[in-house]
Number of protein chains: 4
Amino acid sequence: MSKLRAVLIGATGLAGQQFIAALQNHPFIELTGLAASPRSAGKPYAEALRTSNGMTAWFVPEPLTPELAKMPVISGDEVKGKDYDIAFSAVEADVARELEPRLAKDIPVFSAASAFRYEADVPLVIPPVNAAHAPLVREQQRRRGFKGFIVPIPNCTTTGLAITLAPLAERFGVKAVLMTSLQAMSGAGRSPGVIGLDILDNVIPFIPKEEHKVEVETKKILGGLQVDGTAITSHDVKVSCTCTRVAVLEGHTESVFVSLGKKATVAEVTAAMREWKGAEVARGLPSAPQQSRWIEVLDDPYRPQPRLDRDTHGGMATTVGRVREDGVLENGFKYVLVSHNTKMGAAKGAILVAELMKAQGLLG
Amino acid sequence: MSKLRAVLIGATGLAGQQFIAALQNHPFIELTGLAASPRSAGKPYAEALRTSNGMTAWFVPEPLTPELAKMPVISGDEVKGKDYDIAFSAVEADVARELEPRLAKDIPVFSAASAFRYEADVPLVIPPVNAAHAPLVREQQRRRGFKGFIVPIPNCTTTGLAITLAPLAERFGVKAVLMTSLQAMSGAGRSPGVIGLDILDNVIPFIPKEEHKVEVETKKILGGLQVDGTAITSHDVKVSCTCTRVAVLEGHTESVFVSLGKKATVAEVTAAMREWKGAEVARGLPSAPQQSRWIEVLDDPYRPQPRLDRDTHGGMATTVGRVREDGVLENGFKYVLVSHNTKMGAAKGAILVAELMKAQGLLG
Amino acid sequence: MSKLRAVLIGATGLAGQQFIAALQNHPFIELTGLAASPRSAGKPYAEALRTSNGMTAWFVPEPLTPELAKMPVISGDEVKGKDYDIAFSAVEADVARELEPRLAKDIPVFSAASAFRYEADVPLVIPPVNAAHAPLVREQQRRRGFKGFIVPIPNCTTTGLAITLAPLAERFGVKAVLMTSLQAMSGAGRSPGVIGLDILDNVIPFIPKEEHKVEVETKKILGGLQVDGTAITSHDVKVSCTCTRVAVLEGHTESVFVSLGKKATVAEVTAAMREWKGAEVARGLPSAPQQSRWIEVLDDPYRPQPRLDRDTHGGMATTVGRVREDGVLENGFKYVLVSHNTKMGAAKGAILVAELMKAQGLLG
Amino acid sequence: MSKLRAVLIGATGLAGQQFIAALQNHPFIELTGLAASPRSAGKPYAEALRTSNGMTAWFVPEPLTPELAKMPVISGDEVKGKDYDIAFSAVEADVARELEPRLAKDIPVFSAASAFRYEADVPLVIPPVNAAHAPLVREQQRRRGFKGFIVPIPNCTTTGLAITLAPLAERFGVKAVLMTSLQAMSGAGRSPGVIGLDILDNVIPFIPKEEHKVEVETKKILGGLQVDGTAITSHDVKVSCTCTRVAVLEGHTESVFVSLGKKATVAEVTAAMREWKGAEVARGLPSAPQQSRWIEVLDDPYRPQPRLDRDTHGGMATTVGRVREDGVLENGFKYVLVSHNTKMGAAKGAILVAELMKAQGLLG
């Protein structure tokens, strides 16, 4: 079988590099187009990364293959959807708003941008949690006259939260969530990202728009696709967060307090997370964690820690620890989670959605 | 008026050094005795700090005065209460359990140790919050046959939380609190304290015993002294926390969600904190923040930050920001606070208690 | 005596803020003008610091006085030298190249920018080291038709090195210097400065142009003013450096290997630094360290450390430790120094030059 | 072929864990014994790592295999050399001084401890550099009556320096080296290691004994084995260092100034390092870097950086950048190197020596 030809828009930024790193050995997706801003157009990719100081601005740990290093960059404005089978998008929201619909006329677009996350005909997919929402793209195609579609992934802070809530929602119901995040710097990118002078020996207690995104997205992801397939009904869980930035490179830590729909014990809550395998169709996808262990519950009370646990199962597992009764909320429990914000929470998460929708037969 | 002669037990450790730094220019307290373990006894204080590698292990930024540098250290076992007017205690809980009662037979002991915090006849005092609890020492003297008494200060993580809850409790009532702390390394001391290898690029989501301390202490501090003066009735607020450690030198950050006893607006909650001057008797104490501004509410959404705000009013103010409605809890609000864990939360906080009880006429 | 009226160009950036902090209580200089880019013009200074996210971008620890907060910002292009007695410049080199000569037509300009450092008629002044170079401004006035003049301060990495070499050059002669710097992030400013993702758990072994600056400037500063006062003859010391960036907020650390002009002992080298009081005219200037202790030599082998020692004498002293024989270079010695890059090495250093030249009668 | 049965002494410490991680999939060495202090004896290895707080103190990123987790720990005092083919030692110097000779009576001991590094009949081996020194163990066996022998590896700071000097010594000669190190925290271990409070926002300019080790070891490693095989003649290169600690987890950075024995160009120096394949017998060893690229020279002026480059070729390559003329030393050049202090510089480096000596037929 020939591989799916993929174009990546926003290829030179940090998020774009993460897509490239994640796709370098993919079993059925091949990057055949790299697009960036007009000033990079025409240059070999490695040249486009070179700064005026002679630095090669490649920031992910995986080395760049010689083939990709040589691939000429095209201008985002000139990408033609018809030349590819699918697109990945790592551009900022304002660029996404323009480029993604143009590509979606012809091909599926899997996007890390927030531009379309909150539209009624756009599913927001975490494969093990809500694979069932993916068919909403049929409605999107109808409404917008797309041959392809746009499927964004959630904000990286939503991802780990929604994954850990999913088994609780299934087994006990969830009524309310209060979450405080301790987020890694990579979530802010590099332009300018988090300045060293601001974060060393410090915590920054505010990330613009982040809390609202988590609150809205969690309800949408845990919600249900209507039987006619035309819309998603948000879950009625109440969500409130405070999002902070800490001096961590990668991996968001979240302190979660949750009120369940019925009585449970710590052992039952732990078991619910540990036994959860997620949507059947998502199991065994190439980017899925081994044995569908989307959640790893750790017994060591000092875990999870972002540096030690972010890369569990290739950064695709959410690690959980410190599951305890809360004592304040009704049927309240509390726990700490770590989720890799630029793997499961970004590029690899979007690739996982592409894998899912191929398995669901929705790409054609 | 001659100054109060004070002895400090645990003088060589980090907490002890903070007492020394804070007392170097005190208007009415003078350190006339420095006590430490027997192996330091007899050495000039600066010698006792010298390590085998030639390092002078003085870790606070304020320079050590030549007088204190030369003062001979006495063994904790040989301190005689009668030689002093008051004592400060910076020893570990197990040493405190033995030494503090021995000194309290003769003189008041102000302690940063947790050994006696939870005993029924021991007040746990934050001067602006519960100065009214201090007279419980009369009952303690009766029961234990002390001429002096023991008054511990709370855990450093409790302090900022209790201070910010106090005006809310007074004006609206508080029903429940869910708090996640991002604590500084200095809280763990130096033996061994937090290891660099563990905390760089990381968060440690567990601090042994910390959460329980905060939950119990907050209720005790916000409680009331019975009319007969013989016991404290804990407040019935429900408290649940998750305490984490981050790569910050000084200053605990806390993300607080609170359920009030009645409806309020963000403006009212903010005003309650801003206008709060605390117990009248605590205002104007030498170590109190200027103009009794125990709480500073900041409008900049990026504040408070531990590095920028921990030293507000000499580290004696709690800074607050991001006051918002919570949307989940009943009459719920959320905010972020920063409190200096080794100033208001430790040595200077204990000195403030001594100042308070002198003002209350309880030292004699 | 009325104060000197000073205008500050580049007032909103990090370097500008350091000038403001340093001048807030100056005995004879008063900031009466704050200039910045045209988009800030007309706004009260505190408004000009406000970002679109509501953050007040004031980054120095000293609070901003209400007077300065309200002072309207003028556009750099519209500053008239005649309205002031002196100017301080905290702009980038390219802007300095244009604005500084325009102001120097009328008034003295003390600059942290590198634009004019290497011109033959421009002295590069560190008051205790080469106050004698300052009269070169007479030649500059002759050549350029200025009523004022431009005097830049050296690169912040040169400052501590030149200060510690000065007593060695005076007493023993210096033939060669090999230096490796471990520089703080504040030296890179904030636009974008050093990105947290780059520096956490890392060292960056290159700072563009820095090494060349240190090599050239050190020779110029240690050189001599010709007897006719028209030029400086560079010192013939050979200088070679490697400049690196580390995860430190403030305070450059430098590991120095130096070859002296004649034999000496460690005790003699140490004494030379310890006893050095610098140029007589620089002693007792308002910004000078107490008792002219420009260099503090520490005996503790673990010192100097940037966090512990950068603020010695208000950030105006260079701290030195680990003075040892080198064993490789001829009459070789090695030591470690710490110098506050944004105090003595930047704003306060430039203010010190203004103080010096006033004392020298060169301002009129 | 059956695997070599290896015992590891000091198995529970950080260095011991690194040996375990490195040996988990070794082609011809199998850990069949894990030894530690008497208080761990008898416990399964994973139990011995459990602290009183419930933490599993396993600090390396590689997961522990279930087999090793279950293996019972033996007391170091009771290890019998005859039960094994070789031993690896990760104990402190004082323990090594006693245990290593006892084991060496029967079997070869490859040690990360410094106890025997400076003895005349003990080679200090970095396989690509001085494989030729290894036969000195025959003399050691004669003198000490050992059937086995002791071969220590150098201090982790020496390793990268000696490797980069080797090709220069071979091609041009080296006369003098001045080096400043910026060392990672992992080099200090965990008992107590570097305290977070000391290193955050800081540099520590002193590491006890380190500089002397580097100076002596470099000369020994670059020296020659006498023709009679009974002693090593140290190289006459002069070496002087200043060793500092920075806030980096792993990977020592070194700023090197070197005086060569004859004229050379930057291109020639670079080529000498790039083309160097090291001792023939060391090429292709299981732990050697691919294609014997012991040194990788990077063109990007911002490299090498410890976080980005320490893991090059499994942490077994030394990365070099910024090769420039020095301008001060005779035939002087300067460069920056990064070497993984706990891989090539510790456990994996010792394993590489075992591999080498097997290839040399010296194990039997």
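The values are calculated or read from the model by the stated rules, or taken from the named source; none is laboratory data. Small disclaimer: the values here were computed from a predicted structure and weren't measured. Quick reminder, even Gly has a Cβ in these numbers, built from the backbone with ideal geometry, and neighbours come from all protein chains shown. Please note that ligands, DNA and RNA were not included when accessible areas were found on the heavy atoms of the full protein model with its side chains. Shrake-Rupley method; radii C 1.70, N 1.55, O 1.52, S 1.80 Å.
Numerical summary
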quantity: Percent breakdown of C-alpha pair distances by 10 Å bin, ordered from the shortest bin, for segment B:1-112; calculated: 15, 51, 30, 4, 0
quantity: Phi to ³J(HN,Hα) by Karplus 6.51 cos²θ - 1.76 cosθ + 1.60 over segment A:128-140, Hz, x for Gly, Pro; calculated: x, 8, 9, 3, 5, 7, 4, x, 4, 4, 4, 4, 4
quantity: Estimated D of chain B in µm² per second, where Rh is the Kirkwood radius over Cα pairs and Stokes-Einstein applies at 4 °C, 1.567 mPa s; calculated: 63 µm²/s
quantity: A/C buried area, accessible surface, summed, 1.4 Å probe, Å²; calculated: 1600 Å²
quantity: Sparse-neighbour loop sites [chymotrypsin sites (Phe, Trp or Tyr not before Pro); segment A:93-125; at most 15 other C-beta within 10 Å; DSSP]; calculated: A:Tyr118
quantity: Of all accessible heavy-atom area on segment A:156-339, the percent that carbon and sulfur account for (1.4 Å); calculated: 49 percent
quantity: Carbon/sulfur fraction of accessible area - segment B:96-137, other protein chains in place, 1.4 Å, %; calculated: 52 percent
quantity: Cα centroid of segment A:269-316 to Cα centroid of segment C:94-141, whole Å; calculated: 63 Å
quantity: Filtered GluC sites (Glu not before Pro), segment A:237-338: DSSP coil and at most 14 other beta carbons within 10 Å; calculated: A:Glu330
quantity: Additional length obtainable on full extension of the chain from C:Ala57 to C:Glu92, 0.36 nm per residue less Cα span; calculated: 10.8 nm
quantity: Separation in nanometres of the label points that stand 7 Å from Cα toward Cβ, at C:Glu268 and D:Thr65; calculated: 6.3 nm
quantity: Kirkwood-based Rg to Rh ratio, segment D:129-257, C-alpha trace; calculated: 1.04
quantity: 0 to 90° range, to nearest 10: angle between helix B:156-171 axis and chain B longest Cα axis; calculated: 40 degrees
quantity: Accessible area in square angstrom per residue, chain A, 1.4 angstrom probe; calculated: 35 Å²
quantity: Nearest-ten-degree value, helix A:14-23 long axis tilted from longest Cα axis of chain A; calculated: 90 degrees
quantity: All Cα pairs of segment D:156-339, percent lying beyond 30 Å; calculated: 18 percent
quantity: Three-way shape label, segment D:40-185, alpha-carbon gyration tensor, a/c 1.5; calculated: oblate
quantity: Neighbour-limited loop hits for trypsin sites (Lys or Arg not before Pro), segment C:169-276 (at most 13 other Cβ within 10 Å; DSSP other than H, G, I, E, B); calculated: C:Lys209, C:Lys262, C:Lys263
quantity: Å³ per residue enclosed by the Cα convex hull of segment A:278-322; calculated: 63 Å³
quantity: Rounded to 10°, Cα long-axis angle of helix C:210-221 versus longest principal axis of chain C; calculated: 80 degrees
quantity: Alpha-carbon Rg with Dmax, taken over segment C:319-361, Å; calculated: 16.2, 46
quantity: Solvent-accessible area lost in complex, 20 Å² minimum, residues of segment C:306-336 relative to chain alone, 1.4 Å; calculated: C:Pro306, C:Arg307, C:Arg322, C:Arg324, C:Val328, C:Leu329, C:Lys334, C:Val336
quantity: Burial of 50 Å² or greater, segment D:255-281 residues [accessible area, probe 1.4 Å, versus chain by itself]; calculated: D:Phe257
quantity: Average Cα contact separation per residue, segment D:156-339, under 8 Å, 6 or more apart, as relative contact order %; calculated: 27 percent
quantity: Volume per residue of the C-alpha convex hull in the protein assembly as shown, rounded to whole Å³; calculated: 192 Å³
quantity: Span per principal axis, largest first, for the Cα atoms of segment D:286-364 (Å); calculated: 50, 30, 21
quantity: Straight-distance crosslink candidates among aspartates and glutamates, where the alpha carbon sits under 18 Å from B:Lys213 and sequence neighbours closer than 8 are dropped; calculated: A:Glu325, A:Asp326, B:Glu92, B:Asp94, B:Glu119, B:Asp121, B:Asp236, B:Glu254
quantity: Shielded residues, segment A:162-179 - accessible-area loss of 30 Å² or more between chain alone and all protein chains, probe 1.4 Å; calculated: A:Leu178
quantity: Normalised contact order of chain C, rounded percent, pairs of Cα under 8 Å and 6 or more residues apart; calculated: 17 percent
